[in-house]
Structures are given as structure tokens and as C-alpha cells.
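Here's the structure, in C-alpha cells; my notes come after.
Computed from the coordinates by the stated procedures, all read-outs in this text should not be read as laboratory data. Predicted model, so just to flag it, every value in this text is computed and none were measured. Glycine also receives a Cβ, built like all others from the backbone with ideal geometry; neighbour counts cover every protein chain displayed.
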Amino acid sequence: MTGEDRYTFSQVVSLLIELESTIAEFYKASAERTSRRDLREVFLALEKANLKRRESLSRVRQGTVIEMSLEPITGLQLEEYELHVKRVMEDGNLDDLQKAIALESITQDLYGRVSDKVANVSADTSELLSRLSQESLERKRIFLSMG
């Protein structure tokens, strides 16, 4: 384990909030780029959904007592997830639908892992992240059916 792979609960939640903002921006831009009406509607709906996810995570962060917010969490490799998201978004060989599928796969995995890691710190947060992981799986299935 490296020193870089140690986060506080608050840092983890902040990173997830940032990720939701980035993906919401991606969905907004994708909606503007696509000529497919069905895809545009899904992208716009998910932009709004990601902003709601961000709000839910912000409430978690604000409602966390100081002792919990400083709780160390290790083994998440968050930098790898951030890098993976960046690579997907910048990949010129993928269209927006393929990128959306990849992004939802990443968030499904990330939220599942973080949910397990924070369960002993905050059961409510763990439950929320588990639900978001399942949502990402459903989103991915929707995108796959549109491909």
C-alpha cells in the first residue's frame, strides 16, 4: 500500500462529488452533440440525475461529524479511477455512447468498492453508494440497448 492510497472519508466523498460534476458535464455536452433524439433525451435525463447524485453526496459530506470525516480509508486506488475516467473522456476512438457505457462501468465499480470501504464509517453513505452503483449498472444496460 502506498502513502497516496490513504484518504479521509471527507476526501473520498469530495472526489465522488467532483466525479459526478464531470460526468454531468459530459452528458450535457453529449446531448448537444448527438443527432439522435432518443440518445439526447437519455443524456439530458442523466445530466440531471448526476447533479442530483452530486447533491446527495454533498448532503452526506455536510452531515458527517468531524470524527467520521477524518476516518482513514485505504485500498481504493482513487487516482486510477480518476485517470480511467479522463482516458475514456479523451479517447477519440470512442463515440459518446461508448464513452457513456464505459463511464457507467467505472462508476458502478467505484461506488461498489467505496460502499464496502465506508460501511464501518457510515452505513448510510455505504447504502447510498451501493444504490448509486446499481443505478450505474441500470444506466449501462440502457445504453447497451441503444447501441
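Return the loop-located trypsin sites (Lys or Arg not before Pro) in the stretch 57-147 (DSSP other than H, G, I, E, B) with at most 16 other Cβ atoms within 10 Å of their own Cβ; answer none if there are none.
Passing both the DSSP loop test and the Cβ count: no residue.
At 222 nm, what helix-only mean residue ellipticity would the chain give, in deg cm²/dmol to the nearest 500, using -39500 (n - 2.57) for each DSSP H run of four or more?
Estimated from H runs of four or more residues: -27000 deg cm²/dmol.
Hey, can you list the DSSP H helices of the chain whose Cα span along the axis is 24 Å or longer and whose average Kyte-Doolittle score is at least 0.0?
9-33
Got a sec? How would I106, I17, I23, I142 order by Cβ neighbour count within 10 Å, fewest to most?
I142, I17, I106, I23
Around R54, with a cut-off of 14 angstrom between Cβ atoms, what is the net charge of the other residues, counting Lys and Arg +1 and Asp and Glu -1?
Taking every other residue near R54 into account, the sum is 0.
Taking a cut-off of 16 Å between Cα atoms, list the lysines near K140, but don't count ones fewer than 8 places away on the same chain.
K99
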